[in-house]
Amino acid sequence: MPGPAFRSADSTELRAIESEDHEFLAAEWNTRDVRLPTNTYEPLTARDVAGFVGSDESVNFVVCADGEPVGAAWLFGIAPVHGRGELGYWTAEGHATTAARLLVEYAVAEQRLRKLTARVFEGNEASKRVLEKVGFEEAGHLRDHYYIDGELLDATLYAYFDE
């Protein structure tokens, strides 16, 4: 049985990733719709998910809707001395904005981060809208930043400042 919600709003919850979530996360991460925007180049297994979830290099959550897993949200590249980190997420339609907002609130209130960044591939307008809705602003353009399926892609850098 999954643990309680760590943070929640409306019908969207962030909760700690449990071992029973590993199969779901690996299966979803391996789909093209999740793999490409999250810059995942190699297939992931449940064991791979367990490895990065258990690392000290990121803070990871499963996103749930009405108690059922629908995605993931995470902070990585956390630099406490500088008060910054980077945000990532993927989730079923209708939960991304709330999940991103909950993650920003957690990053500011509990990790004491004052600046968050996120990178979005060109063409991913939905993710850009999510970031803008939760207070991120466009901060730069990263030309030919990713090599995906034989093609160089630009990315937009977004930044959030806790002011």
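Here are a few things to note about the model shown:
- Close amide H partners of Phe6, meaning residues 5 or more places away or on another chain with modelled amide H under 5 Å apart, are Leu14, Arg15, Ala16.
- Note on Glu163 and Ser8: the extension gain reaches 53.5 nm, defined as 0.36 nm multiplied by sequence separation minus the Cα-Cα distance.
- Length gained on full extension, Arg47 to Val81, computed as 0.36 nm times the residue gap minus the Cα-Cα distance: 9.1 nm.
- Relative contact order %, the chain, counting alpha carbon pairs below 8 Å whose residues are six or more apart: 18
- Backbone HN-Hα couplings from phi across the stretch 9-16 [Karplus 6.51/-1.76/1.60, Hz, Gly and Pro as x]: 7, 6, 9, 9, 10, 10, 9, 4
- With a cut-off of 12 Å between beta carbons, the residues surrounding Trp74 carry a summed charge of -2, where Lys and Arg count +1 and Asp and Glu -1.
- Surrounding net charge for Glu93, when Lys and Arg each add one and Asp and Glu each subtract one, Cβ distance under 13 Å: 0
- Distance distribution P(r), the chain, all Cα-Cα pairs, bin width 10 angstrom from 0: 10, 40, 40, 10, 0 percent.
Read-outs throughout are calculated quantities, based only on the coordinates presented, and are distinct from any laboratory measurement. These figures come from a predicted structure and were not determined experimentally. As a convention, Cβ positions derive from the backbone with ideal geometry for all residues, glycine included, and neighbour counts pool all protein chains shown.
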